[in-house]
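First up is the structure itself, then whatever we jot down about it.
The values are calculated or read from the model by the stated rules, or taken from the named source; none is laboratory data. Here the structure is a predicted model, which means the values were calculated and not measured. Virtual Cβ from ideal backbone geometry, glycine too; neighbours counted across all protein chains shown. SASA here: full protein model, heavy atoms, side chains in, ligands and nucleic acids out. Shrake-Rupley method; radii C 1.70, N 1.55, O 1.52, S 1.80 Å.
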Amino acid sequence: MRPQVLLAALAIFVVLAAALPVIHGQGATPSASLCCDNCGTCTRSIPPRCTCMDASPSGCNLACKTCDKSTIAGRDSFQCKDRVANFCQRSCTKAT
């Protein structure tokens, strides 16, 4: 085999391998759509995987897989219990 063919095959393999996590929904999409104002606990991994302590009366973000409902003082609130990479990186409220 010629070196050019091997190089082209290797380049195609690298592109496909890099695209696999995105195809299977493991890329940046879930954490990019999540935001947090009140960060909970985070792991020491790189990137850190964090939980968010934000509670909402209207439900969890659509990207949340584990949404817990609780009733405090007669009012329902929902909190996402997912541990997501870089969950606390982006604030939900805009800075003034």
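Could you grab me the full set of residues in the range 75-89 that are part of a loop (DSSP other than H, G, I, E, B) and at pLDDT below 85?
Within the range 75-89, Asn86 is the sole residue that qualifies.
For the structure I just gave you, tell me whether Thr93 is assigned to a loop (DSSP other than H, G, I, E, B) and over 14 Å from the mean Cα position of the chain (by Cα).
yes
Mind listing whichever residues of the range 37-51 are open to solvent by less than 60 Å² (accessible area, probe 1.4 Å) and of a type in the set (S, T, N, Q)?
Passing the criteria: Thr43, Ser45, Thr51.
Restricting to the range 60-74, and then to whatever is out of contact with any Ser or Thr (no Cβ under 7 Å at 6 or more places or on another chain) and part of a strand (DSSP E or B), can you tell me which residue is nearest to Ile46 (Cα to Cα)?
Step by step, filter the range 60-74, then rank; the result is Cys67.
Results for (1) under 10 Å from Cys35 (Cβ atoms); (2) open to solvent by 50 Å² or more (accessible area, probe 1.4 Å), shown as yes or no for each residue.
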| residue | (1), (2) |
| --- | --- |
| Met53 | no, yes |
| Pro57 | no, yes |
| Asn61 | yes, yes |
| Thr66 | no, yes |
| Lys69 | no, yes |
| Ile72 | no, yes |
| Ser77 | no, no |
| Cys88 | yes, no |
| Lys94 | no, yes |
